[in-house]
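What follows draws every value from the coordinates through simple rules; no lab data is involved. Keep in mind that what you see is a predicted model, and the values were worked out from it rather than measured. All Cβ positions, even for glycine, are placed from backbone atoms using ideal geometry, and neighbour counts span all protein chains on display.
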Amino acid sequence: MTDGFDIGARAKARCDALGLAPYSEIEGQLTRRFLTPAHAAALEALAGWMAEAGMSVRRDTAANLIGRYEGEAPAAKALIIGSHIDSVRNGGRYDGPLGIMLGIDVVEALNLAGRRLPFAIEVVAFGDEEGSRFPASMSCSRAIAGVLDVSALEMRDADGVSVAEALAAFGGDPSGIASAARRPEDVLAFLEAHIEQGPVLEAESLALGVVTAIAAQKRLMVRIEGQAGHAGTTPMGLRKDPGPAAAEAMLALERICRAGADGLVGTVGRLTALPGAFNVIPGAVEFSMDIRAETSATRDAAVEAITTEIHAIAAARGLSATVTLMQALAESPCDPSLMALLDASLADLGLPVRRLPSGAGHDAMVMAALCPTTMLFIRCEGGISHNPAEAVTEADCALAARAMLTFIDKLERRERA
Ligand code: GLV
Ligand code: MN
Ligand code: MN
């Protein structure tokens, strides 16, 4: 309890409150994609909570929502605490939002205690971590970190709407997006609290963990072209069907990744046969590939191997294939001195210190281009995520909030020294 609210537990309750329409695009589930009315509704709720917590609130040109709690001096450097408010399709309630809600709780606790620090705290709600609407992801954190390639604004969603068009309709400013970039001299560090999305902490009966590094990832789109035809009249031997070729390619990806080291994983999460009918041999099949590993070298070797195999599989069947890179993110080590402060914060709370890498991507990996970053992982039930069954306990959320406050105390001591 922190003078009137249950710190951490309230953060969880707020994630739950944003788990349904109008904060979801679809009734009865949570789908909140970038720059949709559900995203706007969530930002409105967050803005109210940020203001109540004692922050001044603004939106930047890239659709980030930013609450600022001033430090002792008006233009002090900021510790940015943040995560993402967008979700995957039919996702869980805590992947992203929990890190924002915990940031708001932590600031409110400081405000209620009348504490000002030698640095400001900003809580940021990024909007595009999942990339569930457009082919690439993290345009919001890229804009803040000053590493957004403006060509990303031309990407289109499944309805043909570009990022630039959607951003303008949302009240953002695509032509002024460069002004969302923060200056490194204005930012002290970035702290992201996030559910683990894996089973390690639960298996070891630990509430919290300290992230060492985030895995490298690549997103690719594959298109295998054949010839559309009649499903009833074209004999099997005379077809140019890209469907079985896509199936072979998926099996090849599985084989390559199973044989790999360094946490190599590969996923086909989207697959479309075109034009898409019971009675039409597809003219083309398109599918996504998400390939990750602890090092870019291992990831890139796998990408090269699967690309070669896809071309060979297509050629053997008289088909053609294209493999297009949509996004590449290098592995992102967390800052050693901030990790040590988080370790010490867990120890102060009487918790064992457990360090672990992140296989999931996070805005922290983009923010590393701007400032030192650190991440706190929170146990989630069964390690389940990207699934409506995602669950955390109030007790773990409360511990996470206390660990973040302790981290802030330690950062304050370091900055005053
Ligand atoms: C986001 O959750 C990702 O890891 O892609
Ligand atoms: Mn996610
Ligand atoms: Mn996430």
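Projecting the Cα atoms of 303, 230, 65 onto the charge dipole of the chain (Cβ charges, centred on the Cα centre) puts 230 farthest toward the positive pole. Rounded to the nearest whole Hz, the Karplus-based 3J(HN,Hα) values (6.51 cos²θ - 1.76 cosθ + 1.60, θ = phi - 60°) of the range 77-94 follow the sequence 4, 10, 7, 9, 10, x, 6, 10, 9, 7, 10, 6, 5, 6, x, x, 8, 10, with x at glycine and proline. Evaluating 6.51 cos²θ - 1.76 cosθ + 1.60 at θ = phi - 60° for every residue in the range 237-243, the Karplus couplings come out as x, 10, 8, 10, 9, x, x Hz, glycine and proline recorded as x. The order of the peptides 152-159, 218-225, 336-343 by mean Cβ neighbours within 10 Å, most packed first, is 218-225, 336-343, 152-159.
Using only side-chain charges placed at the Cβ, +1 for Lys and Arg and -1 for Asp and Glu, the dipole size of the range 211-275 relative to its Cα centre rounds to 100 debye.
Taking 1.002 mPa s as the viscosity and 20 °C as the temperature, the Stokes-Einstein diffusion coefficient of the range 282-363 based on its alpha-carbon Kirkwood radius rounds to 130 µm²/s. Given an 8 Å cut-off on Cα distances and at least 6 residues of separation, report the relative contact order of the range 14-72 as a percent. It comes to 19 percent, rounded to a whole number.
Close amide H partners of residue 326, meaning residues 5 or more places away or on another chain with modelled amide H under 5 Å apart, are 219, 220, 221. The range 1-140: percent of C-alpha pairs farther apart than 19 Å? Above the 19 Å cut-off, the range 1-140 has 48 percent of its Cα pairs. Please list log₁₀ I(q)/I(0) at q = 0.14, 0.17, 0.27 Å⁻¹ for the range 180-222, using the Debye equation with identical point scatterers on the alpha-carbon positions. Here log10 of I(q) over I(0) equals -0.62, -0.78, -1.04.
Here the gap between residue 212 and residue 328, fully extended at 0.36 nm per residue and compared with their Cα-Cα distance, gives a gain of 39.8 nm. Candidate cross-link partners of residue 218 among the aspartates and glutamates, defined by an alpha-carbon separation under 13 Å and a same-chain spacing of 8 or more, comprise 290, 294, 300, 304, 331. The C-alpha atoms of the chain define a longest principal axis, and helix 394-416 lies at about 60 degrees to it.
Only alpha carbons enter this Debye calculation for the chain, each as an equal point scatterer, and the log10 of I(q)/I(0) it gives at q = 0.07, 0.13 Å⁻¹ is -0.35, -1.10. With the simple model of a label 7 Å out from the Cα in the direction of the Cβ, residue 29 to residue 72 spans 5.2 nm. Helix 296-316 and the longest principal axis of the C-alpha atoms of the chain enclose an angle of approximately 20°. Within straight-line reach of residue 410, meaning a Cα separation under 26 Å, sit the following lysines at least 8 residues removed in sequence or on another chain: 12, 77. Neighbours of residue 138, meaning other residues whose beta-carbon lies under 12 angstrom from its beta-carbon, give a summed charge of -4 when Lys and Arg score +1 and Asp and Glu score -1. Among 350-359, 283-292, 62-71, sorting by the average number of other beta carbon atoms lying within 10 angstrom of each residue, highest first, gives 62-71, 283-292, 350-359. For the chain, the relative contact order works out to 21 percent when only alpha carbon pairs closer than 8 Å and six or more residues apart are counted.
Give me the angle, in degrees from 0 to 90, between the Cα long axis of helix 97-112 and the longest principal axis of the Cα atoms of the chain, rounded to the nearest 10. Once rounded, one gets 10 degrees.
Once you order the gyration tensor axes a ≥ b ≥ c over the Cα atoms, which shape class does the range 140-231 get: rounded for a/c under 1.5, otherwise prolate or oblate by comparing a/b with b/c? Note, shape of the range 140-231 comes out oblate. Summing Cβ point charges (Lys, Arg +1; Asp, Glu -1) relative to the Cα centre of the range 248-382 gives a dipole of roughly 280 debye. Each label point was placed 7 Å from the Cα along the Cα-to-Cβ direction; for residue 231 and residue 183 their separation is 6.2 nm. Think of the chain as a dipole: +1 on every Lys or Arg Cβ, -1 on every Asp or Glu Cβ, centred on the Cα centre; then among 8, 212, 282, 282 lies furthest on the positive end. With contributions of -39500 (n - 2.57) from each DSSP H run of at least four residues, the per-residue ellipticity at 222 nm computed over the chain stands at -10500 deg cm²/dmol. For residue 81, the residues whose modelled amide H falls within less than 5 Å of its own, excluding neighbours fewer than 5 places apart on the same chain, are 122, 123, 124, 191. Sorting the Cα pairs of the range 216-329 by distance into bins of 10 Å, from 0 upward, gives 15, 44, 27, 11, 2 percent per bin.
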